[in-house]
Amino acid sequence: MLSLALAQIRNRENIRENFLNHIQFVKEAASYGCNFILFPELSLSGYMQEEVKEKMQLIKKEDMSIFKRLAEENKISISIGLPLEKEDEIFICQKIFCKDGSIKCYCKRFLHPGEEKYYKSSDDSDWTITENSIRIANAICYDIENESHIDSAIKKSGLDIYAASICYSKEGISKGIKTLSKTAEEKQVNVAMANYVGKCWKMDCGGSSGIWDSQGNIVIAADGKTECMVLAEFDTSGWKNFKIQRRQR
């Protein structure tokens, strides 16, 4: 069984504060017995374009090894969004600190128009993981608009959950929800999505982090304004014990 947490976060517009907020989210998810937590696109830095190189320098000052330690100690795999530099090129990445101590990186395959000025896409990163025998494929934002993305994941290793880390505005989230529901129904796969609330980059984000079953039905969704976690358990019989958990203070 997979015990899942979707982190619906508010960008602090400060790397250090975002870093500490991620640690707190992970600790809270672990306290609820979760073994996988998914953060939104570029969650550690906040979504950005022009200022990516500046933010990357600030991220380098943080001790990312704490997430590896938290993953191993609490038996929880942690999927964090951040920019990644490889061979002088920058990618939008989900870095996954696995509970067994390994680290995987999935780099965004399909860039939103305009992102190509600052980021590169990747076709060869490691985008599928298995947690407690549940097969999960990562997707980052605009990936979900391209049917070939999920088709490739299904063909590669089969699929139980399509896990989307996004940054969608209040105006755009309804379209994203329709896309994910349609994907779940047509591909007969469960879908989980983590989004921001509040201000991020040049937009007000629409939240609504949630889960869809393999018939395209909404299982549970957060609202569009509250920082929270969506918690649920999943096995071959489906979803259960799902709830919205407000932040501990």
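Below is a table of values for the structure above.
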item	result
Unmet criterion (only one of (1) at pLDDT 95 or above; (2) among the small types (Gly, Ala, Ser); (3) under 17 Å from the mean Cα position of the chain (by Cα)) for residue 153	(1)
Matching residues in the stretch 206-217 - criterion: being in contact (Cβ under 8 Å) with a residue 40 or more places away in the chain and either in contact with a Ser or Thr (Cβ under 8 Å, 6 or more places away or on another chain) or of a type in the set (Lys, Arg) (or both)	207
Residues of the stretch 14-72 classified as closer than 29 Å to residue 132 by Cβ, assigned to a helix (DSSP H, G or I) and of a type in the set (A, V, I, L, M, F, W, C), total	11
Lone unmet requirement of (1) in a loop (DSSP other than H, G, I, E, B); (2) closer than 28 Å to residue 148 by Cα; (3) touching a residue at least 24 places away in the same chain (Cβ under 8 Å); (4) not aliphatic (A, V, I, L, M) for residue 106	(1)
Cross-chain or 6+ apart pairs with Cβ under 8 Å, the stretch 170-182 first and without any contact (Cβ under 8 Å) to a residue 12 or more places away in the chain and closer than 17 Å to residue 112 by Cα, then part of a helix (DSSP H, G or I) and of a type in the set (A, V, I, L, M, F, W, C)	none
Residue 95, sole failed condition from (1) part of a strand (DSSP E or B); (2) free of Cβ contacts under 8 Å to residues at least 12 places away in the same chain	(2)
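The values are calculated or read from the model by the stated rules, or taken from the named source; none is laboratory data. All of these numbers come straight from a predicted model, not from anything done at the bench. Here Cβ is always computed from backbone atoms with ideal geometry, including for glycine, and neighbour counts include all displayed protein chains.
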